[in-house]
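In what follows, a structure is listed as structure tokens, so that the remarks can point back to it.
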Amino acid sequence: MTATELALVLDAPGAHRLVDREQTAPGPGEARVRVHASGICGSDREIYQGNRPEGYVRYPVTPGHEWSGTVEAVGAGVPASLVGRKVVGEGFRNCQVCDRCHAGETTLCGAGYEETGFTQPGAMADTLTLPARLLHPLPDDADLTEAALLEPAACIAAAVLKANAQPGERVAVVGTGTLGMLAVQFLAAISPAELLVVGTRPDREQLSYDFGATEFRTRDHLDTAENRYDVVIETAGSASAAQTSASLVRRGGRLVLTGIPAAGAVGLDPTDLVVRQLTVHTVFGAAPDAWAHAVRVFGAGLLTPAPLITHRLPLAEFATAIDLVGSGDPKVGKVLLLPSGGSA
């Protein structure tokens, strides 16, 4: 008898359904993962609302790019020892043969954009099948609920690696959402002299301190004339976030932008960048080295995502979860969907 499983499908913006689909065996080089939890972020709202940039979603699609689970089957050519392992996995389905892939810059793959949960089936289902080479095994005692946040953590790890922050430097994070709070933890781990957090949510102040910040300020109490920070990582994605972040960087300092603002955002002044000799990096997604870094830091106990998780819902409550993510309610943090059989 053929096994079936539950999956969420977005046929078009605003149109979703739960389906029973046939469970297939993983092909050569693939692994099938039993999904424990799948997180929802702003990009999932984009594909639900239909405002994700053209070329970065393909309907119909099963969403879910933030996930954790356990390998339950592998295809030919994949080590059998992976079966039973707790894992997370990279989302970008890179070609592995272009020059950017060979350079380790898999998010810039020359074959074009393909990503789990956007153009390829994602983790809002009982199982997820993907190339086994994208998997990152976790310690046996890893908390899979927390591990569902390792995808955004990997994106922030990419920013931290590009920033190359050193012990004793003055660092700042602009943005207090999931990415910002994860950035605080990564930067705290390098023992900075100062760690400023800037945001619009006063309710994030205590959490920022809990994660290692030495100072917290809301945007309206920010002195942008200070520009004394060696490293600033921007995670807010608001219209003025890049400009605010640049204003905090010392002459010769480093700025990393991760947010994607809507059209009409305030740009950076090229004269200011040149005269102050700022180094500016940007991040979209996470390459393998960033994933490995995030998993390593998580395994060492230096990354604790659990306080960011506020809601855990069954797959059938996808619409409710999407509404929560876009509600603006300060009591809503990371929202997780738990497929059938999943428990937090």
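The values are calculated or read from the model by the stated rules, or taken from the named source; none is laboratory data. Predicted model, so just to flag it, every value in this text is computed and none were measured. Cβ atoms come from the backbone with ideal geometry, glycine included; neighbour counts cover every protein chain shown. Calculation scope for accessible area: heavy atoms of the full protein, side chains included, ligands and nucleic acids excluded. Shrake-Rupley method; radii C 1.70, N 1.55, O 1.52, S 1.80 Å.
Packing order of peptides 261-271, 15-25, 148-158, highest average first: 148-158, 15-25, 261-271 (average count of other Cβ atoms within 10 Å over each peptide's residues).
For region 102-114, backbone phi angles converted through the Karplus equation (6.51, -1.76, 1.60; θ = phi - 60°) give residue-by-residue couplings of 5, 7, x, 9, 5, 6, 10, 3, x, 7, x, 7, 9 Hz, Gly and Pro being listed as x.
Along the positive direction of the dipole of region 11-162 (beta-carbon charges: Lys, Arg +1; Asp, Glu -1; about the Cα centre), which of G29, Y48, A147 reaches farthest? Among G29, Y48, A147, the one farthest towards the positive end of the dipole of region 11-162 is G29. Rounded to the nearest 20 debye, the dipole magnitude of region 8-78 is 40 debye, with +1 charges on Lys and Arg beta carbons, -1 on Asp and Glu beta carbons, and the Cα centre as origin.
Placing a label point 7 Å from the Cα of Q49 along the Cα-to-Cβ direction, the residues of region 247-262 whose backbone N falls under 16 Å of that point are 260-262. Each Lys or Arg adds one and each Asp or Glu subtracts one; over the other residues with Cβ under 13 Å from the Cβ of T235, this totals +1. Dipole size of the chain about its Cα centre, with +1 on Lys/Arg Cβ and -1 on Asp/Glu Cβ: approximately 360 debye, rounded to the nearest 20.
Roughly how many debye, to the nearest 20, is the charge dipole of region 201-327 about its Cα centre, given +1 on each Lys and Arg Cβ, -1 on each Asp and Glu Cβ, and no other charges?
Details: 11 positive and 14 negative charges, 59 e Å.
For region 201-327, the charge dipole is close to 280 debye.
Of the DSSP H helices in the chain, those that are both long (alpha-carbon extent of 18 Å or more along the helix axis) and hydrophobic (Kyte-Doolittle mean at least 1.0) are 150-163.
Work the Kirkwood hydrodynamic radius out for the chain: mean of 1/r over every pair of different alpha-carbon atoms, inverted, in Å. Before the final figure, lay out each step's value.
Working: mean 1/r = 0.0485 Å⁻¹.
Answer for the chain: a Kirkwood hydrodynamic radius of 20.6 Å.
Taking all protein chains into account, the per residue accessible area for the chain stands at 42 Å² (1.4 Å probe). In the chain, helices alone account for a calculated mean residue ellipticity at 222 nm of -6500 deg cm²/dmol, with every DSSP H run of four or more residues adding -39,500 (n - 2.57). For the chain, which whole percent of the accessible surface, found with a 1.4 angstrom probe, sits on carbon and sulfur atoms? Result for the chain: 52 percent of the exposed heavy-atom area is carbon or sulfur.
From the residues P192, T178, G14, which one has its Cα farthest along the dipole of the chain in the positive direction, the dipole being from +1 and -1 charges on Cβ of Lys/Arg and Asp/Glu about the Cα centre? Farthest towards the positive end: P192. The Cα atoms of region 53-156 define a convex hull whose projected area, averaged across directions, is 7.5 nm². Think of the chain as having a plus end and a minus end, set by charges on the Cβ of Lys, Arg, Asp and Glu; of G64, G301, A321, G301 sits farthest toward the positive end of this dipole.
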